[in-house]
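Here is the structure we will look at, set down as structure tokens.
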Amino acid sequence: MSPDTPRLRISILGLVVLGMFAALFTRLWYLQVMSPEDYEVVAEANRIREVQVAAPRGRILDRNGRVLVDNRVSIQVTIDRTVLAELDEDERQEVLERLAEALSATGRPTTVAQLEERVADQRYSPFTPVPVASDVTEDLKIWIDERADLLPSVSADRVAVRRYPYGPIGAQILGYTGKIDRDELESVADSPKSYTLNDEIGKAGIERVYEAHLRGTPGITRLEVDSRGRTIRTLEEGSTDPIPGDDVVLNIDIDVQATAEQALDQALARAAARPPRGSDRPNVGKVGSTVVLDPNTGQVIALATRPTYDPTRFVDGISQAEWDELNDPASHYPMNNWALQGQYAPGSTFKPFTAWAALSAGLITPQSTVYDTGVYTVPNCSGETCKFRNDGSKAYGVVDLARSLTVSSDFYYYNLGARFWIEQEALGGPERFRQLLEEWGFGQKTGIDLPAEQPGRIPSPAWLESFCERTECLDPTWRTGNNVNMSIGQGDVLVTPLQLAVGYAAIGNGGRIYQPQVAREIRDGVTGEVKETFEPVLRREVSMPPDWQQAMVQGLLGVTTGSEGTATAAFSGFPSASFPVGAKTGTAQVANKAPTAVFGAFGPTTAPQYSVAVLLEESGYGGSVAAPVA
């Protein structure tokens, strides 16, 4: 080996070391001289955490300014299941035992099994703390805060929760809030009011429809943290304050709403106590609804539905067992708003619209009469299936349009339904009857600002053919009898109580069909300034010549005041002289069940201020059960 070899190796090693130091020096010079600002931002981000501060939701008020929903502060105990899952089994058991004992000591008997069930409830997001107790005492909060090392995963925090001053009144209108889920989070990804998985969002009713207004704009608090992410202190500078959400003022009058709900309860109870007539099925109805509208604007003054629920059950999160109870068919789905989700045969309350269709088609004039024998026989047809009877086969003799409504002559309308089918070529085809009825908005949604509205159904030959292609049916052929049944609101006709109220409002106001509106205006949640007003929406107008309307109103007024009226007894003692009411009773037959009691009305007939629809399932006759509610 040459004596120069070690010297060469040392030289090479020196050059390598020198190069490494040069590279390190160059990098340090770049970081400190050329781009310090960029790395200051990164370092600051590692030291500073921005935390979103929830803003109060806006309030919901009635038309007179009474608060229906607002906020209150609650101390809520939560368990972070992510942290809890990281503990070993013994530690986890100790944490739950300590918490159960502490809650029980404050008068809330709690077991470890109950806490485990709550933590395992799949209705809560796996990424957010699970509430296990609400409205706990300040002393318990302090106790939990002081034992953070013994209760990892457990927190006690002050949170704003919804408050319902009127309890369950109007629950299906107001709705409720709950923890946002993944799908909902995606749907509001572009909202200027940012959301996180721990946030509340409107789930039903007004809370859901007007979420964009009710939600406040979250604030931002900046925290200084250590290398382990633990908070050192709050940095006030640079923080932004949360902005409360807007208030939503409704057209609802809470007094009328409460009266409507009470009247529904009383009517269902009276119906259940009334023995069935003859061979009729017993009245066992638990479902009913009442709608009150302003016929001149479409404003919804009251919208009552039974059964109901208490929205406060959702304030601290609802358990799976409670959720299952509310969605059990045996409970009749109390969270459903049956006024706009229920679809029913309207019975004789449908007759004014059949009469209008016949007037429009030129089949009758207001003065046209038939001789009602009590039993209508379809022309050119033989056999018992060709005979359609009045209730009890009662004969009314000579009947014109007005009297047909007062006495509720089925015979009169059977004749009209049959003629629409028999004379279809001259009238515009087999779908003409359906087309005229749909001009009133039947078979389509009204557009009310509440979720889950159903469209109802006006059947026709084309509908029956399509239906029978999808489903087994007895006979896919539309016959005269289908039209006959349809003329009195039976057969396959389905309407919602809301559609019925809209229809009777239009009879009273001369043919104007308004979109029902629950919300009245949006107000700034801080200043109270009106930011948006919801003006009446006229969806369409149906032709209503004065002589048509006069005949219909005369007949409907006779229902509540005439000697032959089907609701005269129910309106006995009502101030009809100063507040005349035009109305129609309905008793819709349902296979193997007690009849559905139905009633539609408007008043005063001289200048309508209210339109009312009432429907009670399996409750008997409309004149004796539904009319008293109105």
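The values are calculated or read from the model by the stated rules, or taken from the named source; none is laboratory data. These figures come from a predicted structure and were not determined experimentally. Cβ coordinates were reconstructed from backbone atoms using ideal geometry, including for glycine residues, and neighbour counts include every protein chain displayed. Surface accessibility is based on the protein's heavy atoms, side chains included, excluding ligands, DNA and RNA. Shrake-Rupley method; radii C 1.70, N 1.55, O 1.52, S 1.80 Å.
Things to note:
- Restricting attention to region 616-630, the residues that are crowded, with 24+ Cβ neighbours inside 10 Å, small (Gly, Ala, Ser) and not in a loop (DSSP other than H, G, I, E, B) total 3.
- Within region 181-209, considering residues that are open to solvent by less than 70 Å² (accessible area, probe 1.4 Å), of a type outside the set (A, V, I, L, M) and part of a loop (DSSP other than H, G, I, E, B), the one modelled with the lowest pLDDT: Thr196
- Single residue of Glu472, Glu465 found to be at negative phi, without any contact (Cβ under 8 Å) to a residue 24 or more places away in the chain and outside any loop (DSSP other than H, G, I, E, B): Glu465
- In region 304-316, the residues that are over 25 Å from Thr496 (Cβ atoms) form Cβ pairs under 6 Å with partners that are assigned to a loop (DSSP other than H, G, I, E, B) and of a type outside the set (Phe, Trp, Tyr), at six or more places apart or across chains, as follows: Asp316/Ser134.
- Qualifying residue in region 410-427 (condition: assigned to a loop (DSSP other than H, G, I, E, B) and surrounded by 18 or more Cβ atoms within 10 Å (Cβ to Cβ)): no
- Within region 281-293, considering residues that are open to solvent by 10 Å² or more (accessible area, probe 1.4 Å) and under 20 Å from the mean Cα position of the chain (by Cα), the one nearest to Ile173 (Cα to Cα): Val292
- Subset of region 299-357 (residues that are over 15 Å from the mean Cα position of the chain (by Cα) and among the hydroxyl-bearing types (Ser, Thr, Tyr)): Thr312, Ser319, Ser331, Tyr344, Ser348, Thr349, Thr354
- Residues of region 72-101 satisfying the condition of being surrounded by fewer than 17 Cβ atoms within 10 Å (Cβ to Cβ) and under 30 Å from Thr240 (Cβ atoms): Arg72, Val73, Thr82, Val83
- Scanning region 583-608 for residues that are in contact with an Asp or Glu (Cβ under 7 Å, 6 or more places away or on another chain) and either of a type in the set (Phe, Trp, Tyr) or modelled with pLDDT of 95 or more (or both) returns a single hit, Thr596.
- Search result, residues across region 578-623 that are polar (S, T, N, Q) and touching a Lys or Arg at 6+ places or on another chain (Cβ under 8 Å): Asn592
- Residue, nearest to Gln299 (Cα to Cα), within region 91-108, restricted to residues that are in a loop (DSSP other than H, G, I, E, B) and touching a residue at least 12 places away in the same chain (Cβ under 8 Å): Arg108
- Figure legend. Inter-residue proximity from region 376-397: first residues open to solvent by less than 70 Å² (accessible area, probe 1.4 Å), second residues among the acidic types (Asp, Glu) and in a helix (DSSP H, G or I), beta-carbon distance below 8 Å, spacing 6+ or different chains. Indicated pairs: Tyr376/Asp410; Phe388/Asp410; Asn390/Asp410.
- Set Leu437, Leu450, Leu500, Leu474: member being of a type in the set (A, V, I, L, M), farther than 29 Å from Pro546 by Cα and open to solvent by less than 30 Å² (accessible area, probe 1.4 Å): Leu450
- When Tyr344, Tyr413 are screened for being within 27 Å of Glu618 (Cα to Cα), in contact with a Lys or Arg (Cβ under 6 Å, 6 or more places away or on another chain) and among the hydroxyl-bearing types (Ser, Thr, Tyr), only Tyr413 passes.
- Under the condition of being within 21 Å of Thr312 (Cα to Cα), open to solvent by less than 70 Å² (accessible area, probe 1.4 Å) and modelled with pLDDT of 90 or more, the residues counted in region 108-136 number 3.
- On the stretch given as region 562-615, residues that are free of Cβ contacts under 8 Å to residues at least 12 places away in the same chain and assigned to a strand (DSSP E or B) total 0.
- Residue tally, condition of a type in the set (Ser, Thr, Tyr) and touching a Gly at 6+ places or on another chain (Cβ under 6 Å), over region 454-507: 3
- Contact annotation: residue pairs with Cβ atoms under 8 Å, 6 or more positions apart or on different chains, pairing a residue in region 77-90 that is farther than 16 Å from Asn198 by Cα with a partner that is outside any strand (DSSP E or B) and among the β-branched types (Val, Ile, Thr), are Leu84/Val95; Leu84/Val119; Leu87/Val95.
- For beta carbons closer than 7 Å, sequence separation of 6+ or different chains, a first residue in region 501-529 that is within 21 Å of Asn71 (Cβ to Cβ) and a second that is part of a helix (DSSP H, G or I) and open to solvent by 10 Å² or more (accessible area, probe 1.4 Å), the qualifying pairs are Ile522/His213.
- Verdict on Val315 being closer than 28 Å to Ala627 by Cβ, touching a strand residue (DSSP E or B) at 6+ places or on another chain (Cβ under 7 Å) and β-branched (Val, Ile, Thr): no
- Any chance Val553 is open to solvent by 20 Å² or more (accessible area, probe 1.4 Å), modelled with pLDDT of 95 or more, in contact with a strand residue (DSSP E or B) (Cβ under 9 Å, 6 or more places away or on another chain) and outside any loop (DSSP other than H, G, I, E, B): yes
- Applying the condition of being among the small types (Gly, Ala, Ser) and surrounded by 11 or more Cβ atoms within 10 Å (Cβ to Cβ) to region 44-71 and asking which residue is modelled with the highest pLDDT yields Gly58.
- Pairing residues of region 233-247 that are within 14 Å of Pro192 (Cα to Cα) with residues that are modelled with pLDDT under 80 and not basic (Lys, Arg), at Cβ distances under 7 Å and at least 6 apart in sequence or on separate chains, gives Pro242/Val53; Pro242/Ala54.
- Whichever residue in region 210-228 is under 18 Å from Gly245 (Cα atoms) and β-branched (Val, Ile, Thr) and, among such residues, is modelled with the highest pLDDT: Thr217
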